[in-house]
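The values are calculated or read from the model by the stated rules, or taken from the named source; none is laboratory data. Given the structure is predicted, the values throughout are model-derived calculations rather than measurements. All Cβ positions, even for glycine, are placed from backbone atoms using ideal geometry, and neighbour counts span all protein chains on display. The accessibility values were calculated without ligands, DNA or RNA, using every heavy atom of the protein model including side chains. Shrake-Rupley method; radii C 1.70, N 1.55, O 1.52, S 1.80 Å.
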Amino acid sequence: MGWLGGVFDSVQQWLFESVLQPLMFSTGLASLLENGYEASGWLLVGLLQLVVIVAVIGPMQRWWPVEQINDRATIRTDILYTLIHRLGLFRLALFFTVDPLADSLFGALRVAGVSTFQLDGLWPGVTDISWVSLLLYLVVFDFVDYWIHRGQHHFEWWWRLHSLHHAQQQMTMWSDNRNHLLDDLLRDVILVTVAQLIGVAPGQFIAIVAITQLSESFQHANVRLWFGQVGERLWISPRFHRRHHSIGIGHETVKPSAEATSGQATTPPRVVLGGHNFGVLLPWWDMLMGTANFEKRFDPTGVRDQVEPGPDGRVRDYGAGFWSQQWRGVLRLLGKA
């Protein structure tokens, strides 16, 4: 691990000095060189992720596909989402908007004598070992991510944004970042706040995000693959996550009618927001909370109101391109689409 870190640091230094630093001097951003160095880390991680996605996951999709791709245009849009996120463009926007507010808030708290909790200090000599603290942080962030995901499927207003992610009926390795930007903003604000509260170092935060993103790209891949009875319960597989995207499974929960609970069913059960398989890296939280679905099936993906009329008698349009999808998400949030 040490030599890998050294290689990464050397390449990051070269990328910063050869590309970003001259660019920042020429654009009058020399006062932000420290932030530019951090940005070079995000950029390098993103480039490495793209290499793995294309060189490793791509061939798997060709060898063991769940379904044939018949809508290339929607895949091209997903690629655009991936490039925006993995090459740091979304984080650049956060840097100029959200990050200064977070830094001011936590700076004021420290001045007031309110210190943040250092999670890696729980067991000196053990939890402060770099790989141990990284595993610890991964588990904590995955637990937080599980509940964020539950919220996206529980609150109607949040689902109106998050449903864009589920509206992809041609899931591939590019589908992970297909989200409404407001949805991404909410999630990132929560995760950055948690990172500040538990004392995650910037380098470790980048590593956590990189591991999570790469795993999510694999989970969304068009690959007919599962990890076996034991492996499925250790790490989330493409099969496990595809159940989450399956029409009528991933974002719906059937609630029995009041009459059914009393043994006198006269009305059909209600279908409400909810679903299964909300975990991001680990299926443990779904297993603990009773939301895991381990059926070995590979069903069609999408949102029910795309394929059959909703309560208003219409089939919903989620948009065909990036800006169309973003705009229609705003309209859904306002109750106008």
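Computed with the Debye formula from one identical point scatterer per Cα of segment 154-253, without solvent, the log10 of I(q)/I(0) at q = 0.15, 0.21 Å⁻¹ comes to -0.75, -1.22.
Reported to the nearest whole Å, the Cα centre-to-centre distance from segment 278-337 to segment 225-245 is 19. Ranking Arg91, Arg242, Arg297 by solvent-accessible area of protein heavy atoms (1.4 Å probe, all protein chains present), from largest to smallest, gives Arg297, Arg91, Arg242. Put the Cα centre of segment 19-48 next to the Cα centre of segment 85-118 and the gap is 18 Å.
Where a ≥ b ≥ c are the square roots of the eigenvalues of the C-alpha gyration tensor, would you call segment 85-176 rounded, which needs a/c under 1.5, or, failing that, prolate if a/b is larger than b/c, or oblate?
prolate
Considering helices alone, the calculated mean residue ellipticity of the chain at 222 nm is -18000 deg cm²/dmol, with DSSP H runs of length four and up weighted by -39500 (n - 2.57) and normalised per residue.
The heavy atoms of Asp128 offer some 90 square angstrom of accessible surface to a 1.4 angstrom probe. Springs join every pair of Cα atoms under 10 Å in this Gaussian network model of the chain, and among Leu109, Leu191, Leu225 the largest mean-square fluctuation is at Leu109.
All other residues whose Cβ lies under 12 angstrom from that of Ala201 are scored, Lys and Arg at +1 and Asp and Glu at -1, for a net of -3. The alpha-carbon atoms of segment 1-108, seen along their principal axes, cover 52, 34, 30 angstrom, with the largest extent given first.
According to the Cα-based calculation, Rg over Rh for the chain is 0.99, with Rh computed by the Kirkwood formula. Which whole-number percent of Cα pairs in segment 64-137 have a distance greater than 22 Å? Considering segment 64-137, 62 percent of its Cα-Cα pairs are separated by more than 22 Å. Of the residues Val98, Val11, ranked by 1.4 Å probe accessible area with the largest first, the sequence reads Val11, Val98. Each other residue within a Cβ distance under 10 Å of Trp285 adds +1 if Lys or Arg and -1 if Asp or Glu, for a net charge of -2. For Val271, nonlocal amide neighbours, meaning residues 5 or more places apart or on other chains whose placed amide H falls under 5 Å from its own, are Lys255.
With R₀ set to 22 Å, the beta-carbon distance separating Leu273 from Glu67 gives a calculated FRET efficiency near 0.25. At a probe radius of 1.4 angstrom, the accessible area of the chain per residue rounds to 51 square angstrom.
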